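Report on the structure given below.
The values are calculated or read from the model by the stated rules, or taken from the named source; none is laboratory data. Keep in mind the model is a prediction, meaning the values are calculated, not measured. Every residue, glycine as well, gets a Cβ built from its backbone with ideal geometry; the counts of neighbours run over all protein chains shown. To get the accessible areas, we keep the full protein, side chains included, count just its heavy atoms, and leave off ligands, DNA and RNA. Shrake-Rupley method; radii C 1.70, N 1.55, O 1.52, S 1.80 Å.
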Amino acid sequence: MELENYFDKLAADDIRLKGTRIGIEHILYQYIHRAQTPEAIAEQFRTVTLEQVYATILCYLQNQEAIAAYLSDWLAWSHQMREEQRKNPPPFIEKLRQFKSEKLAGVEAHGF
C-alpha cells in the first residue's frame, strides 16, 4: 500500500489517519515529545492500528521538514486556544471554580 493511502488530507492543517478522527499530530506528539513506542501509541488510540502508527512515523521520517512545520503550527495554535480559554473560560468552568472556592472556604471555616 502506498504511504499516502494511510491518510486523509482534509485541509493543509488537518491530516488524519484514514478511517479515524485522529490527526497525525496526536500520534507524532506522543512519538516525538513523549518518546512513546509505536505499540504504546496504538494502545492509547484504540481506533488506530499499529500499522497506521508506523505509517505515520515513516511519513514523518520521510518528510521531516514539512511535518515539523505542520506540528509547530499545530502546537502554536493549541497554545493560543488554551490561553484564550484561560482568559475567557466557558460559563460552566467559572461555576466549577466558584463551587470549588466556596467549598474550600467552608472547609477552612470549619477547620477541616
Could you check ALA35 against (1) among the aliphatic types (A, V, I, L, M); (2) without any contact (Cβ under 8 Å) to a residue 24 or more places away in the chain; (3) open to solvent by less than 80 Å² (accessible area, probe 1.4 Å) and say which number it fails? (3)
What number of residues within the range 62-112 satisfy the criterion of being open to solvent by less than 100 Å² (accessible area, probe 1.4 Å) and of a type in the set (Phe, Trp, Tyr)? 2
